[in-house]
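Here is the structure we will look at, set down as structure tokens.
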Amino acid sequence: MHKFYDDLKGYILKQDEDTKATLIPYYETLYQLENYPELKEFLTIYEEGNYTLDYNEPEDHDFSSNGWFEVYEMKNKISYNIELDIGTMKGHYCTCKPEDEGYNSDKGCCGVLCDAHLPEVSIVKEVKMIKHEFQGYECDLWVLEEKWFTEHEKDLLQKKKLEKVSKIEAQIVQLQEELKVVKSELKN
């Protein structure tokens, strides 16, 4: 078994029972990818590096996710996010009965062709391109920030003036058309 899978299994086994129950199906889904060529780079880099593995719970009111694993190494500035999504509904409404073949009394289902959200994973590679700290002092930054807001306010004022000009020009066109109509009515 590859180091990543050993480390992930160890990590999951250290979690509380609820978290463990959530993560085990995702482990099994990831394990199905072990021989996929798309995963080879990740597994090789993980083997060679000193990666840290963390689990992040989903955001509140995110009903399409069970969170994500973050796998990162500081030296190479590479991280991978393994998104743990709740897959789309598969199967039909469960009508399983205890006498059906394969019926699991703990689950109340046979687990074949019944409504289920099967786990889905996506692996996203992130590479930090550059890390740069502002060159100068804090007071230099203050001057630049002030300039930003001053220029932004000037741009906003200019935009409002242009909008007002457009509105007035539209009113002029409308009034000229009304004037033509009234003049033509006077001639008749």
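Coordinate-derived values only; no laboratory data. A quick note: this is a predicted structure, and the numbers were derived from the prediction, not measured. Here the Cβ positions follow ideal geometry from the backbone for every residue, glycine too, while neighbour counts run over all protein chains shown.
Please order Ile24, Ile130 by the number of other Cβ within 10 Å, starting at the fewest.
Ordered by Cβ neighbours within 10 Å, fewest first: Ile130, Ile24.
Identify, among Ile12, Cys110, Met89, the residue whose Cα sits farthest towards the positive end of the charge dipole of the chain, taking +1 on the Cβ of Lys and Arg and -1 on the Cβ of Asp and Glu, with the dipole about the Cα centre.
Going by the charge dipole, the pick is Met89.
Using only DSSP helix segments of four residues or longer, with each worth -39500 (n - 2.57), what per-residue ellipticity at 222 nm results for the chain after dividing by its residue count and rounding to 500? It would help to have the intermediate numbers written out before the result.
On the way: 4 runs with 88 residues, N = 188.
Taken over the chain, the calculation gives -16500 deg cm²/dmol.
What residues have an amide H closer than 5 Å to that of Asn66, excluding those fewer than 5 places away on the same chain, when H is modeled at 1.01 Å from N in the peptide plane?
Leu84, Asp85, Ile86
Semi-axes of the equivalent ellipsoid for segment 116-179, please: Cα gyration tensor eigenvalues, times 5, square-rooted, ordered largest first, whole Å. Before the final figure, lay out the partial values.
Details: eigenvalues 448, 194, 14 Å².
Each semi-axis is the square root of five times an eigenvalue, giving 47, 31, 8 Å.
Could you work out, for segment 6-69, what percent of all Cα-Cα pairs fall into each 5 Å distance bin, beginning at 0 Å and stopping at the bin that holds the largest distance?
Whole-percent P(r) values from 0 Å outward: 3, 14, 23, 25, 19, 11, 4, 0.
Using the alpha-carbon centroid of each, what span in Å lies between segment 138-153 and segment 37-92?
If we compute the Cα centre of each part, the gap is 39 Å.
Pick from Lys161, Lys40, Lys107 the residue whose mean-square fluctuation is largest in a GNM of the chain, springs joining Cα atoms under 10 Å.
Maximum among the listed residues: Lys161.
Among Tyr26, Tyr80, Tyr11, Tyr137, rank each residue by its count of other Cβ atoms within 10 Å, from fewest to most, as a rough exposure measure. Each step should come with its number before you reach the end.
Numbers: Tyr26 23, Tyr80 20, Tyr11 15, Tyr137 9.
So the residues, fewest neighbours to most, are Tyr137, Tyr11, Tyr80, Tyr26.
Quick one: 3J(HN,Hα) in Hz for segment 88-102, Karplus 6.51/-1.76/1.60 with θ = phi - 60°, rounded, Gly and Pro as x.
These are the phi-based 3J(HN,Hα) values: 6, 4, 10, x, 10, 3, 5, 10, 5, 10, x, 7, 6, 4, x Hz.
Let me know the shape class of segment 68-172, please: from the alpha-carbon gyration tensor, a ≥ b ≥ c as square roots of the eigenvalues, rounded when a/c is under 1.5, otherwise prolate if a/b is greater than b/c, or oblate. Mind showing how you got there, number by number?
Details: a/c = 5.78, a/b = 1.91, b/c = 3.03.
In terms of gyration-tensor shape, oblate.
Using a/c under 1.5 as the rounded threshold, could you call segment 25-103 rounded, prolate or oblate? The axes a ≥ b ≥ c are square roots of the C-alpha gyration tensor eigenvalues, and prolate needs a/b larger than b/c, oblate otherwise.
Details: a/c = 3.39, a/b = 1.90, b/c = 1.78.
Verdict is prolate for segment 25-103.
Among Ser65, Ser166, which comes first, second and so on when ranked by fewest other beta-carbon atoms within 10 Å? Don't skip to the end; give the middle numbers.
Numbers: Ser65 15, Ser166 10.
The order, fewest Cβ neighbours first, is Ser166, Ser65.
If you filter segment 51-124 for GluC sites (Glu not before Pro), then keep DSSP loop positions with at most 13 other Cβ within 10 Å, what is left? Please report the intermediate quantities before stating the final value.
Details: sites: Glu59, Glu70, Glu73, Glu83, Glu99, Glu101, Glu120; in loops: Glu59, Glu99, Glu101.
Hits after loop and neighbour filter: Glu59, Glu99, Glu101.
Using the C-alpha atoms of the chain, what convex hull volume per residue, in cubic angstrom, is computed? Could the numbers behind the result be given before it?
Numbers: hull volume 58.2 nm³, N = 188.
Output value, Cα hull per residue: 310 Å³.
Could you derive backbone 3J(HN,Hα) for segment 31-46 from the dihedral phi with the Karplus parameters 6.51, -1.76 and 1.60 (θ = phi - 60°), listing whole Hz in sequence and x where the residue is Gly or Pro?
Taking θ as phi minus 60°, the curve returns 5, 5, 8, 3, 9, 6, x, 5, 8, 4, 4, 4, 5, 5, 4, 4 Hz for segment 31-46.
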